[in-house]
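The values are calculated or read from the model by the stated rules, or taken from the named source; none is laboratory data. On a predicted model such as this, the values are computed, not experimentally measured, just so you know. All Cβ positions, even for glycine, are placed from backbone atoms using ideal geometry, and neighbour counts span all protein chains on display. Note: areas computed on protein heavy atoms with side chains; ligands, DNA, RNA excluded. Shrake-Rupley method; radii C 1.70, N 1.55, O 1.52, S 1.80 Å.
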Amino acid sequence: MRLLLQLLTLLGAQIQFSACFVLWSPSTTPSRVRQRVCLFEQADESHWRTIKRCGTVDGVISILQEESDISRSDPNMCAAALCRLTDLWSSQSISDADKAISQKNISILIKEIHQALKNDSASFKLRALVNVLFALPKHKDKHDTIHLANRICHVMEEYEDDLVQSLRPFHLMECLSSLSVLELHYPTLVGRICQRLEKGDALATFDARQLAAGLKALAILEYTDENTFAVQRAFARRWRKQRIRQTATTSDICQALFSARRMMQYTTDKSLEDEITTMIYTLFRELASPLPNNKARAMTAGQVAEVIMTASAIQVNVTNPIFNHIMETLNQDYTMKRATISDVSRILSSMKRLSLSMYPLAVQGLGVKLVYLVQQEPVEPGEVMNLFRSALALHQRDAQVMEPYEKAVCFLILERTAGNASFFLQQCTDIELSSLVRVLSLIRCSNEDALVTLAERILEPDMAESCSPKAASQILTYYTSLIDSSAEELNELQSHLSELFHELGTHLLCAQLSPAETSASMQAYAKASYVQDMGIFDHLANHLAAILDTCSVRQVTQGLWSCGKLVGFESEHGDVDDFGPPYLEAARKYAEYLASITPEMNAKDISQTLWAIGRLGIDNEKVVSLFADRARQLIPECNSQEVATILWGLARVAYDNRELVSELTNRILVLKASSQEAATVLYSLGRMEIQDESVFSAMSAVMMTQVETASAQSIANALWAFRTVELHPPRQLMDSWVTQKLGLEGVTIGQVDL
């Protein structure tokens, strides 16, 4: 039959071939499948309307299967059937069986319409083509869909000016939406559509929903020609009209904000950028305003995320009323009921970028929701890591706010599947595991089970052997910091820390570490007093010395402090020879480098540097003088710990400047010092043989008021200082050391070093 029709067409017969299609239903058997040849001269509008009004899948199929109607059909009716079936398929009201039937017939119709377009594209009405194009994104078979969509777009481009003259603005808008969803790029076609849509008569036909859909389509397509910019400006201006905003739903407004955010990322047109910014602020005011019934707009968590992300994109001032409205919305059950981890992550990320730290209850509420979500659904490590980082940036120091986040991360670590290791941990890469350690350290986690479980996963051969230098550095840094700052004894974790240094330390023997990673690794070795593999520390020290020009002041100071810390530990254990440790030469380079940039150093940098060179015995008078001069400039900024540390460092290198010492002691007299700091000041004055009775009296008074917290070593240092400068210590101080600390009598007090 097909060959006969083709022959007749070639002979000039006035017969037009439309399509050969097979319709399927549960009652159709292979032997009863019928192929229909559709001949037409004019479209039968009545049948098209009948199909569009049909409310069931079976109804659509039965119309097209009727013998008499099929013979009178045309491809436009196939298009109508396809559109109706896709509408029914995407509906929530039909059964799974009907969905399967409609899906199968949609696939058949797509193929037949595609074939009809190849044979005779002129047989299709433009409206039918647009309807098909609009229906295609709902079809799950993307391969067939894209082929047909491309064919339709080619045909529509051939219509040129007839395209915009024959179609209503609404249909042109549908065309744009489909192009964006299907990710099809036809600049000429889009340009013609945009030229039509920016006209006043076209704009006047669009309501809020259509304007939002149009902006979204154009934002996704990302065209940067003048036609596209012009229609985007026109659409953005329409949102200023009150009647448009009054009819807008929350979904419409949030969709428009999504589009605005995307357009701001790529637009090169200043006037468009201004229009978009104006539209954003206009829509923010609309969202924050109560509805006519004085009720606030209900929003989903996804919509809240969209609003905050848009505000972040243009850096809206944190005093804008929209934020109060949004944070109040987050407290509503409706908003958080269907929130996903992605929603929580996007909200926190945008709050971090905007520095919205004035809403702790909102952040805590998001954490409570997170605890629920991680117990209900699988979690992507990357997404949850971003979420934790954002929460920490906002409220790291607020234990109450961070409590639910600690619960969530501990649950993920300790959750086990059928007795096996945590599924979440098994999914994590080395970088993600190191990020987990960082999170636990910053929130000061005290759940030793979680900390040990995470350490055990890192120590598993597959992870320990493949760990990157960056991850190894971060794991050692934050585990050490966590143990160092913990108020509790973490004995089991302490034993695992030694294993971590042993297994991961070798990964640090490379030149790939950044200055920050190198100095942080050195600090980890120093804080942990890990001296079993000192060759690794020597390598790190030399590596940092080789890249000083790329380091910050803090990184060099941290490296120098680490050398000072370790040399003291090694000296106590007799591991340092007469020539000093191998890293001493690198430490000298750090000190000389810092001496050349003292104006960039703050009080903490200076105090740590002088402490370190005192421990290391770096008595280069020129270098020490430069640090001392900078210390004098920073005295008004120094706290009590920094003053005490500077005095101790100057005493250890025998720096003789009584005027500077006097200024430093005057500073600490007006500060609230601890017993340890007071003892350090006294020891330093004793070492420098400075007999300042007022300072000795004031510092001993500090120690006596805090005698319960004073260590035996602190009291011993203070007593040694009194004896050295030939002053009599308060009897109470002596009694406290002998009776309360040592429980002994008749002990001779000698010099006790820090």
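The table below lists the values:
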quantity	calculated
Given charges at beta-carbon only (K, R positive; D, E negative), |dipole| of the stretch 339-395 in Debye	240 debye
Listed peptides 183-189, 678-684 by packing density, highest first (mean Cβ within 10 Å)	678-684, 183-189
Thr550, Thr480, reordered so the largest accessible area comes first (probe 1.4 Å)	Thr550, Thr480
Solvent-accessible surface ranking, highest first, for Lys672, Lys241 at 1.4 angstrom	Lys672, Lys241
Vicinal HN-Hα couplings computed from phi for the stretch 225-236 (Karplus, 6.51 cos²θ - 1.76 cosθ + 1.60; Hz; Gly/Pro x)	8, 5, 4, 5, 4, 5, 6, 5, 4, 5, 5, 4
Asn447 paired with Arg243, simple spin-label distance in nm, labels 7 Å along Cα-to-beta-carbon	5.8 nm
Loop-located trypsin sites (Lys or Arg not before Pro) in the stretch 266-325, at most 10 other Cβ atoms within 10 Å (DSSP)	Lys295
Gyration tensor (alpha-carbon) shape descriptor, the stretch 429-500, a/c threshold 1.5	prolate
Mean separation of Cα contacts under 8 Å, 6 or more apart, over the residue count of the stretch 365-461: relative contact order %	31 percent
Too-long pairs where the Cα-Cα distance tops 31 Å, listed order kept, from Lys352/Lys672; Lys216/Lys470; Lys352/Lys565; Lys99/Lys125; Lys118/Lys142	Lys352/Lys672; Lys216/Lys470; Lys352/Lys565
Assigned charges on the beta-carbon of Lys, Arg, Asp, Glu; the stretch 485-555 dipole about Cα centre (debye)	320 debye
Mean separation of Cα contacts under 8 Å, 6 or more apart, over the residue count of the stretch 114-212: relative contact order %	30 percent
Of Phe423, Leu504, Ile547, farthest towards positive along the dipole that unit charges on Lys, Arg, Asp, Glu beta carbons give the stretch 417-564	Ile547
Lys, Arg +1 and Asp, Glu -1 on Cβ, resulting dipole of the stretch 182-324 about Cα centre, debye, nearest 20	520 debye
Potential lengthening between Ala511 and Thr709 on full extension [0.36 nm per residue; Cα-Cα distance subtracted]	66.8 nm
Estimated FRET transfer efficiency (Asn666, Ala546; beta-carbon r; R0 60 Å; 0.05)	0.90
Inter-probe distance in nm under a simple model that places probes 7 Å from Cα toward Cβ, at Gln532 and Asp87	7.4 nm
FRET efficiency, Asp207 to Tyr266 (Cβ-Cβ, R0 22 Å, nearest 0.05)	0.25
